[in-house]
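Below is one structure, written out as structure tokens; the observations come after it.
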Amino acid sequence: MTTQTPSIKRIKQTIRSDKTVTKPKPKLTWVKGQPAGRSWRGGAGWISVLVLLLGACGNASDYKKHAPYEPDQVRSPAVQVISVSHTITFQAGSVLLDDTASRALDAFLDRQKVDRADTLFLTVENDSEAALARAQRVAAYLIFRRLDSSVSVSDAAPRDGVGLTVQRYQVVLPGCPDWSGPNGITHANRPSSNWGCATAANLGLMVANPRDLAVGREPGLGDGAAQVLGIQRYRKGETKPLLGAATSQAPASGTGAPQAGEGGK
């Protein structure tokens, strides 16, 4: 009987195989509410954090009640009515406006910078012929200076004279700038305390007639002749063509538009 001696290589493989421990593969199972093959350690802590966050959102108060969209103060120019008076004196028994009275009247009008935007009132003490004649003299002199006026009878009118009252509207600008509030982001959904200051101040400075900020103007009667001429031109085919935003063709002569190459002059 022949005995076979195992080789050294086989002996090493046998020893290595004995030392190797094969680990069983994890069995993946699906459990409702948990990922497969993983433990849900610390899940209760995360759930508590989520509950606290959702509870904070649910108990948040309505921010609209504490932070309205409109500012507390609306910036706008105000209008106030002011009046200045002057007395035009006449000689006793005379209805003529002498040089002294006319120069004093001119000085008053120039000093107060009276213009057509102001409202002028003439008052006399009674409706006698002499008193009304004096008022008419002053009214005619004001018309010469392109100023309209109205005449009325008042017990407060000067004796042997005509009272002149100039009433005008004056703009009162808001208190701007206003940096009383906090600057930057306030997290309160409120505009800046200086909000609207530039618009209100610019409007008050540029308005030609401050009375327009208080009351509107009467449109008056339309120009019938101009309206009829427009209809006649339309019927005759003499309407002016509209100019496009960009064109290389010069408009027809007689339209009042600049010729080609003259737009920049």
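Just checking, does the stretch 84-93 include any residue being in a strand (DSSP E or B), touching a Gly at 6+ places or on another chain (Cβ under 7 Å) and aliphatic (A, V, I, L, M)?
Yes: the stretch 84-93 contains one or more residues that are in a strand (DSSP E or B), touching a Gly at 6+ places or on another chain (Cβ under 7 Å) and aliphatic (A, V, I, L, M).
If you go through the stretch 172-185 one residue at a time, do you hit one that is charged (D, E, K, R), in a loop (DSSP other than H, G, I, E, B), in contact with a helix residue (DSSP H, G or I) (Cβ under 9 Å, 6 or more places away or on another chain) and closer than 25 Å to T119 by Cα?
no
Would you say D148 is within 30 Å of L96 (Cα to Cα) and either in contact with a strand residue (DSSP E or B) (Cβ under 6 Å, 6 or more places away or on another chain) or surrounded by fewer than 13 Cβ atoms within 10 Å (Cβ to Cβ) (or both)?
Here the answer is yes, as D148 does meet what is asked.
If a residue must be out of contact with any strand residue (DSSP E or B) (no Cβ under 6 Å at 6 or more places or on another chain) and either of a type in the set (V, I, T) or under 15 Å from Q136 (Cα atoms) (or both), how many such residues does the stretch 91-104 contain?
Residues meeting the conditions: 7.
Just a yes or no: is a residue in the stretch 238-246 among the polar types (S, T, N, Q) and either closer than 14 Å to A117 by Cα or not in a loop (DSSP other than H, G, I, E, B) (or both)?
No, the stretch 238-246 contains no residue that is among the polar types (S, T, N, Q) and either closer than 14 Å to A117 by Cα or not in a loop (DSSP other than H, G, I, E, B) (or both).
Which number in (1) surrounded by fewer than 16 Cβ atoms within 10 Å (Cβ to Cβ); (2) out of contact with any helix residue (DSSP H, G or I) (no Cβ under 8 Å at 6 or more places or on another chain); (3) not β-branched (V, I, T) marks the one condition that A117 misses?
Failed condition: (2).
Throughout, read-outs are computed from the coordinates displayed, never taken from laboratory work. Keep in mind that this is a model prediction, so the values were computed, not measured. Cβ sites come from the backbone with ideal geometry, for glycine too, and all protein chains shown count toward neighbours.
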